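Note sheet for the following structure.
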Amino acid sequence: WELRTPVESRQGLYPTVKRMSDIALTAVTAPIWVPLALLVAAVIKASSGGPVIFRQPRVGQGGRVFTINKFRTMTTDAEQHGPQMAVEDDSRITPIGRHLRKYRLDELPQLWNVLKGDLSLVGPRPEQPVFVEQFIHTIPFYNDRHLIRPGITGWAQVNHGYAAGTDETRVKLRYDFFYVKHLSFWLDLRITIRTIATVLTGFGSRLTTCACSS
């Protein structure tokens, strides 16, 4: 999945400014999200036992594979038959997991991925390698979404929600391409504002981005 031309060489200084902003915003808000994350971890441990954090390989910028961190919202045996997409009313999701997904609290550990440089606060959502391999052979230009750093939230998330298969992924990909093409501060700001509304309403929370046990 190596790419021919890194996006930084085509988009001036904004990717650098964006990266600095990611670090600054994540660090400044740490007094809020760190205690909240600790509370969520305690609730998960008390309600379902097992691991609190779910780790999974994802494909990031330039095709680099990294490990994403999320709070576990599914049963510990959710992937016993291999990776699969979540569906509506998925029986593998724990009761507390449904609430965490609805309000995106399961994604709090991904702020650590932001600090490490794996993720941005805003960008296309990263997928599992097994699904990326499938999509790049069935969806034209799918790999172009890896031109930039993936994000916790993105233009596709606030407009379409999560995808549950190849057909929905094709639709969602149009939003990813729009974001890659029009990457800017104002677009990031617009996505951030809409993400707050998304969290409050729970829009698109029934699915995951191919993260079966996330």
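Read-outs: derived from the displayed coordinates by stated rules, not from any lab. Treat the numbers as computed from the prediction; the structure is a model and nothing was measured. Glycine also receives a Cβ, built like all others from the backbone with ideal geometry; neighbour counts cover every protein chain displayed.
General remarks:
- Scalar couplings 3J(HN,Hα) for region 61-73, obtained by applying the Karplus form with A = 6.51, B = -1.76, C = 1.60 to θ = phi - 60°, are 4, x, x, 6, 8, 9, 9, 8, 10, 9, 6, 5, 10 Hz; x denotes Gly and Pro.
- Net length available on complete extension from L39 to Q134 is 30.5 nm, with 0.36 nm assigned per residue and the Cα-Cα distance removed.
- Euclidean distance of C-alpha centroids, region 97-121 and region 57-71, integer Å: 13
- Amide proton proximity set for I68, modelled H, under 5 Å, gap of 5+: Q56, R58
- As a calculated quantity, the FRET efficiency between V52 and L25 at R0 = 41 Å, using C-beta atoms, amounts to about 0.95.
- Extension gain, K116 back to N143 (0.36 nm per residue minus Cα-Cα distance, nm): 7.4 nm
- Added length on full extension, which subtracts the Cα-Cα distance from 0.36 nm per residue, K102 to V17: 27.5 nm
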